[in-house]
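Notes to accompany the following structure.
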Amino acid sequence: MEVKFFTPTREYTERKDEFNKAIQSVLDSGNFIMGREVADFEEAIKKYTGAKYAVSVASGTDALVIASEILGFKTGKEVITSPFTFLSSTSCIARSGAKPVFVDIDKDTFNIDADKIEEKINPKTAGILPIHLFCQMSDMNKITDLASKNNLRVLEDAAEAFGMKWKGKNGVVYRHSGTIGDMGIFSFFPTKTLGGYGDGGMIVTNDAKLAEMAKMLKVHGASKKYHYDYLGYNSRLDTIQAAVLLVKLKHIDEAIEKREKVSDWYKERLKDLNYIKIPKIKGEQRPVYYVFNILAQNRDELAAYLKQNHVGTSIYYPIPLHLQKCFNYLGYKKGDFPVAEKVAGEVLALPIYPEITEDEVDFVCTTIKNFYKK
Ligand SMILES: *Cc1c(COP(=O)(O)O)cnc(C)c1O
């Protein structure tokens with residue numbers, strides 16, 4: 001048996017007519033830039049997430065760069081974030097001229113350890129950038145408390161967090177990831193829970209002024225055509241991607257439920273093994289299994305064994321950002337964030353997508369057990 005780490009073609013094959021029709025309709029209209037589907041998709045995202053404003057852009061990375069600029073993460077300022085994430089979460093801070101200030105992660109959730117944020121806040125601090133990673137959100141109660149106490153901006157990197165929800169402080173309602181801080185972003189990179197057939201991203205906010213700025217910056221800083229109020233970007237979501245994403249969004253709840261079921265299959269089979277640990281969900285929230293991670297003894301040997309046996313895996317993230325060459329100038333060294341460094345050495349992502357079968361999960365788990373029996 002072969003189990004791929006990720007495959008977009010099963011879903012496409014299942015709903016081929018629906019996707020083809022959506023794409024064909026864009027081809028027939030000829031509106032490739034900012035076509036009707038782009039506006040429709042922004043409306044659909046507002047409705048699904050509860051955000052007041054949704055501004056589509058060309059990628060999750062662009063969304064982070066544009067939001068960082070709008071929130072004033074600039075030269076002379078510092079932004080507190082986690083080193084255990086994808087590059088974009090930190091490069092957006094550095095690109096806008098601010099200094100990324102790292103805080104170690106929680107050993108059970110792999111998200112920023114919110115109890116360690118306060119000691120890093122100083123008069124230069126402009127914001128906090130939490131990343132909702134893999135399957136769960138960061139502690140948004142503590143983060144928003146610290147932000148309002150210290151007058152900081154919060155940018156949520158919800159690139160991986162579509163569908164995740166956090167229970168509000170008053171304990172009544174769940175709020176969608178990305179809509180709790182000042183601004184939030186989603187990525188529609190193909191592997192993501194809501195993934196397109198190419199690049200795409202979205203900025204969400206409940207603040208009319210911030211949304212207005214985002215709308216201008218994504219089209220060269222233009223307040224209206226050929227009137228440039230700011231130096232902006234060219235960062236638009238393709239109409240064809242919007243058409244694909246509208247189809248995907250229609251079925252997203254079912255896809256999220258299937259991911260949940262797959263995670264249960266893994267948990268049933270991998271619990272009580274002393275050589276494997278499964279991350280814990282913390283805080284009152286609705287997780288979404290974008291990634292199913294384990295912490296494994298002899299991780300690299302296990303990954304090689306799985307590969308030999310035709311099981312795809314991935315390592316998110318093998319090198320924490322404070323140890324990346326491009327961030328040498330920040331002056332961090334090995335040992336500065338022991339939890340992130342330890343997790344980076346043990347974490348392994350197993351195949352998870354709505355279309356994976358129980359037999360395939362069985363095969364992955366049996367292969368893992370066989371490795372440790374050797
Ligand atoms: C995928 C991802 C991004 C970047 O999104 P792109 O659409 O690929 O630019 C940013 N942050 C995190 C945590 C991600 O996983």
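Selection within the range 217-238: residues that are in contact with an Asp or Glu (Cβ under 8 Å, 6 or more places away or on another chain) and in a strand (DSSP E or B). The member of this set that is nearest to residue 66 (Cα to Cα) is 222.
Within the range 217-236, one or more residues are surrounded by 22 or more Cβ atoms within 10 Å (Cβ to Cβ) and more than 13 Å from the ligand (Cβ to nearest atom). Residue under question is residue 182, and the condition is that it be within 17 Å of residue 283 (Cβ to Cβ), of a type in the set (Asp, Glu) and either in the same structural domain as residue 69 (by TED's automatic domain parsing) or within 12 Å of the ligand (Cβ to nearest atom) (or both); does it hold? No, not satisfied. When the range 93-102 is filtered for residues that are within 16 Å of the ligand (Cβ to nearest atom) and either without any contact (Cβ under 8 Å) to a residue 60 or more places away in the chain or touching a Lys or Arg at 6+ places or on another chain (Cβ under 8 Å) (or both), the ones remaining, listed by number, are 93, 95, 96. Just so you know, in the range 46-70 the residues that are within 16 Å of the ligand (Cβ to nearest atom) and not in a helix (DSSP H, G or I) include one that is nearest to residue 179 (Cα to Cα), and it is 54. For the range 115-140, taking the residues that are among the small types (Gly, Ala, Ser) and out of contact with any Gly (no Cβ under 6 Å at 6 or more places or on another chain), the one that is surrounded by the fewest Cβ atoms within 10 Å (Cβ to Cβ) is identified as 127. Restricting the first member to the range 253-277 and to residues that are within 19 Å of residue 343 (Cβ to Cβ), and the second to residues that are buried (at least 20 other Cβ atoms within 10 Å of the Cβ) and not hydrophobic (A, V, I, L, M, F, W, C), the beta-carbon pairs closer than 6 Å and six or more apart or on different chains are 263/289.
Checking 217, 146, 210, 133 one by one, the residue that is of a type outside the set (Val, Ile, Thr), modelled with pLDDT of 95 or more and within 20 Å of the chain's Cα centre (by Cα) is 133 and no other.
For the range 163-171, the criterion of being out of contact with any Lys or Arg (no Cβ under 9 Å at 6 or more places or on another chain), part of a loop (DSSP other than H, G, I, E, B) and on the phi < 0 side of the Ramachandran plot is met by at least one residue. Within the range 28-53, the set of residues being of a type in the set (Val, Ile, Thr) and surrounded by 15 or more Cβ atoms within 10 Å (Cβ to Cβ) comprises 38, 45, 49.
Residues that are under 30 Å from residue 365 (Cβ atoms), surrounded by 14 or more Cβ atoms within 10 Å (Cβ to Cβ) and β-branched (Val, Ile, Thr) within the range 1-27 comprise 3, 7, listed in sequence order.
The values are calculated or read from the model by the stated rules, or taken from the named source; none is laboratory data. Keep in mind that what you see is a predicted model, and the values were worked out from it rather than measured. Reconstructed Cβ throughout: ideal geometry from the backbone, glycine too, with neighbour counts over all protein chains shown.
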